[in-house]
Amino acid sequence: MTRRILVVDDTKNVQLLLTDFLSGQEFEVVTASDGREALDAVHESNPDLILLDIMMPNMDGYQFISHLRRESNTPVIMITAKSQEADIIHGFDLGADDYITKPFRMRELLVRIRAVLRRSTPHEESKPLLVIGDLSLDQSKHEVKQNGNQIELTPLEFKILEILMRSAGKVVKRAQLSMALMECGYTGSESTLKIHIRNLRLKLGDEMDQPHYIETVFGIGYRFVEAEVACGH
């Protein structure tokens, strides 16, 4: 699962340096030049972690954290030239999760990022990422990706795919699938279910004669093509 990091720094060279390094570590990177831009970026991109410079124009890092904590628990690592204990404590009091002072080694920053992400996402253990072949389903984010590209599904299509993926290699009867979907408000017939399956196949680019994902077991139900299954956290 690709994690998204918001880099907030008023120095373009720092933004570029961190973007290049973090992208090379398989993070998705979003940037902002001050606290106001950063708040907009939080709303638009929903980052998993924020790297935050403290000394910035318009809205500094301390002001940003104060605003952020009114609406979000997104973890924040302060990046600052300040090393005085009082400044660091002030950041923690406002809700920062960790800090690193300039100049710093990139590897040390990476270790801190990974540690903070591990601490901040224990809830994902109960809703793992399900991966089969080139398809991944993240229940916690209600997100499906194919070769890393997000596939937009309706709630019913998402639930159908989740049920089939969790039973990969096994036949799920149409009646069983219809019953399981009732919690999503589905009250249609088994013939209506065929339409949802068809739409799901179209979005996945699946073919009826040589299915890569969903097989029809005639007269019984459907089966997700068995492949290597992995659960990630």
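The values are calculated or read from the model by the stated rules, or taken from the named source; none is laboratory data. None of these values were measured; they are calculated from a predicted model. Neighbour counts are summed over all protein chains in view; Cβ atoms, including those assigned to glycine, are modelled from backbone coordinates with ideal geometry.
Applying the criterion of being within 27 Å of the chain's Cα centre (by Cα) and at pLDDT 80 or above to the residues of the stretch 178-197, the residue that is surrounded by the fewest Cβ atoms within 10 Å (Cβ to Cβ) is 196.
Residues in the stretch 198-227 that are touching a residue at least 60 places away in the same chain (Cβ under 8 Å), closer than 20 Å to residue 156 by Cβ and in a loop (DSSP other than H, G, I, E, B): 213 only.
Tell me, which residue of the stretch 61-112 that is polar (S, T, N, Q) and assigned to a helix (DSSP H, G or I) is farthest from residue 36 (Cα to Cα)?
Filtering the stretch 61-112 for residues that are polar (S, T, N, Q) and assigned to a helix (DSSP H, G or I), the one farthest from residue 36 (Cα to Cα) comes out as 66.
Determine which member of the set 23, 33 is over 19 Å from residue 72 (Cβ atoms), without any contact (Cβ under 8 Å) to a residue 12 or more places away in the chain and touching a strand residue (DSSP E or B) at 6+ places or on another chain (Cβ under 8 Å). Being over 19 Å from residue 72 (Cβ atoms), without any contact (Cβ under 8 Å) to a residue 12 or more places away in the chain and touching a strand residue (DSSP E or B) at 6+ places or on another chain (Cβ under 8 Å) holds for just one of 23, 33, which is 23. Within the stretch 130-159, the residues that satisfy the criterion of being in contact (Cβ under 8 Å) with a residue 60 or more places away in the chain and farther than 19 Å from residue 169 by Cβ are 138, 148. For the stretch 37-53, does any single residue satisfy the condition of being under 30 Å from residue 132 (Cβ atoms), in contact with a helix residue (DSSP H, G or I) (Cβ under 8 Å, 6 or more places away or on another chain) and among the acidic types (Asp, Glu)? Within the stretch 37-53, one or more residues are under 30 Å from residue 132 (Cβ atoms), in contact with a helix residue (DSSP H, G or I) (Cβ under 8 Å, 6 or more places away or on another chain) and among the acidic types (Asp, Glu).
Is it the case, given these coordinates, that residue 159 is among the basic types (Lys, Arg) and surrounded by 15 or more Cβ atoms within 10 Å (Cβ to Cβ)?
yes
So, of the residues in the stretch 71-111 that are charged (D, E, K, R) and over 16 Å from residue 14 (Cβ atoms), which turns out to be modelled with the highest pLDDT? Explain how you work it out, then say what you get.
To start, the set of residues in the stretch 71-111 that are charged (D, E, K, R) comprises 71, 82, 85, 87, 93, 97-98, 102, 105, 107-108.
Checking the rest, the ones that are also over 16 Å from residue 14 (Cβ atoms) come to 71, 85, 87, 93, 97-98, 107.
Values: 71: 90, 85: 76, 87: 83, 93: 87, 97: 86, 98: 86, 107: 85.
Looking at residues that are charged (D, E, K, R) and over 16 Å from residue 14 (Cβ atoms), I get 71.
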